[in-house]
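Scroll down for the structure; my scribbles are underneath it.
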Amino acid sequence: MTTPPAPNWHERAAALAIDGRAVIAGERRAAVTGETFECRSPIDGRLLAAVARGRGEDVDAAVAAARAAFEDRRWAGKPPAARKKVLQRWVEGILAARDELALLETLDMGKPIRDALAVDVPLAARCLGWYAEAADKLYGETAPTGDDALALITREPVGVVGAIVPWNYPMLMASWKLGPALAAGNSVVLKPSEKSPLTALRLADLALEAGIPPGVLNVVPGYGHEAGEALALHMDVDALGFTGSTRTGRRMLEYAGRSNLKRVYNELGGKSAFVVFADADVARAARTAAGSMFFNQGESCNAPSRVLVHESVADAFVEGVLAQAPRWQPGDPLDAATSLGAIVDETQLATVLRYIAAGHDEGARCVAGGRRVRESSGGFFVEPTVFDGVRNDMTIAREEIFGPVLSVIRFHDEAEAVRLANDSAYGLQAAVWTDNVHRAHRVARALRAGTVHVNQYDEDDITVPFGGVKQSGNGRDKSLHAFDKVTELKTTWLRIAPAA
Ligand code: NAD
């Protein structure tokens, strides 16, 4: 048996025909104004598509379609087992379109095709499949009342769910919102990032092909201050799931206050602390930190961007990270061997380079990387960058960079490590590396973060909640807990009369 030749992703990319229109009420639609914006690839600047520039009128149409679909119960009224079947068909369609979706994701936001194929598409499919499977396993409760009454506590879909998502894992972040919302019977209006709208639009096509009724899943591409703001301010959106920066998350709360008090769930930025004690497996910790930091070009909300290392093993740790650097050199994202792709756009590239300059200016020592590379490709590539001698009050330790920049901060003892780790506005994730089981539990309890990893990082599964504390947000995506955001608890009291 001969193995088929490896796909030529450049040829496939050249042959792609991309439809940039919105999906509203079950059909592809241009923006009401007819306006579009250019969707260009960060890999080489090529024009991928003219994408509908959704504004208030488009959002109004999408919300009206979602409301109509919800009110006539074409989806919410289906038996959960029937919704499950349709959602499972959708997942089959997604997996069948794996290559196309992965290619769109890579072209649109610059990640290596290898990761889009191995991570983004399968994890999105797993997420949607998991919620499909859960659709007919959500039970209500009966309350422990007296003999004269029966109190039923049931979960009902909230109605119209708005979802606004970022560009770093476009399909996966959309799936984290869509899975529970659709499985519970809601209708959704999704606003993808203007930097990466393409896979969301294809997901909606595939949903329609699978039999999700028109109006149940609408996708309105556009800018944040136009389509995003209109959706967040909409009087007929019942709940809003937002994933993005802390700055925009603040606005979501304001929009809710200025409109209909819709419930807002924020999944925001991070500056996650990765704490390495002297008794840890330092070589493995270094390998893991480098991998988790440089994966996805460092554009991960939970990237371990603040590494706190005990002073006695800090040199060995930094050496271990530097030994990983060759594995993480930027390359052509359409080459299956590449592990570090392009930064999403020129604005983000400038942001990353500005932070690197701030690191130098404030006295941190750049021991690897730090430069833009592959400029002649027309794309936006930055070397994996490591700063040693960072202090926790430096800008690069306080602010989220969202690029491949790792900062090493040295600490003296456990109390200092915990104090430094918690001295951050963020609280998304954290890690503790130690061979001492008492310290592992003690420090894990003391760290203020939504998730704490012990002697590993990035272990992840749809079965566990994902979200932060402090200014990393309040919502939890994934797991059965995500249903709390898209369902209402309803109490129904029945009087039970005594026998006559
Ligand atoms: P962003 O806040 O700039 O944009 C996110 C989304 O909000 C986009 O769709 C954008 O168009 C929209 N938006 C922007 N301004 C808006 C406004 N005024 N009104 C309404 N919508 C608006 O964030 P980003 O740069 O796309 O994403 C990166 C951020 O996302 C990082 O901070 C990262 O940590 C965070 N993130 C968090 C998680 C998590 O689960 N906690 C996951 C992924 C990314």
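Computed from the coordinates by the stated procedures, all read-outs in this text should not be read as laboratory data. Only a predicted model underlies this, so the values are computations on that prediction, with no experimental measurement involved. Cβ coordinates were reconstructed from backbone atoms using ideal geometry, including for glycine residues, and neighbour counts include every protein chain displayed.
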Kindly list the residues of region 463-500 that lie in the label zone of residue 147, defined by a backbone N under 20 Å from the point 7 Å along the Cα-to-C-beta vector.
494-500
Ranked from highest to lowest mean number of other Cβ atoms within 10 Å per residue, what is the order of the peptides 293-305, 239-251?
293-305, 239-251
Output wanted: per-residue J couplings in Hz (rounded whole) for region 221-229, from phi through Karplus 6.51 cos²θ - 1.76 cosθ + 1.60, θ = phi - 60°, x for Gly and Pro.
x, x, 7, x, 6, 10, 4, x, 4
Beta carbons within 10 angstrom, averaged per residue: use that to sort the peptides 268-278, 37-47, 94-104, highest first.
268-278, 94-104, 37-47
Amide H neighbours of residue 411 under 5 Å, counting only residues 5+ apart in sequence or on other chains, H built in-plane at 1.01 Å?
309, 310, 311
According to a simple spin-label model (label point 7 Å from Cα along Cα-to-Cβ), what is the distance in nm between residue 8 and residue 494?
6.8 nm
The long-range amide H neighbours of residue 193, using H built 1.01 Å from N in the peptide plane and a cut-off of under 5 Å, are 165
Bins of 5 Å, beginning at zero and ending with the bin holding the largest distance: percent of Cα pairs per bin for region 56-95, please.
6, 21, 16, 18, 20, 15, 5, 0
Report, in deg cm²/dmol and to the nearest 500, the calculated mean residue ellipticity at 222 nm for the chain, where each DSSP H run with n ≥ 4 adds -39500 (n - 2.57) and the sum is divided by the residue count.
-10500 deg cm²/dmol
Length gained when the stretch residue 425-residue 263 is fully extended (0.36 nm per residue, less Cα-Cα span):
56.0 nm
How do 116-123, 216-223, 460-467 rank on mean C-beta neighbours within 10 Å, highest first?
216-223, 116-123, 460-467
Which loop GluC sites (Glu not before Pro) in region 302-385, with loop taken from DSSP, have no more than 14 other Cβ atoms within 10 angstrom of their Cβ?
311
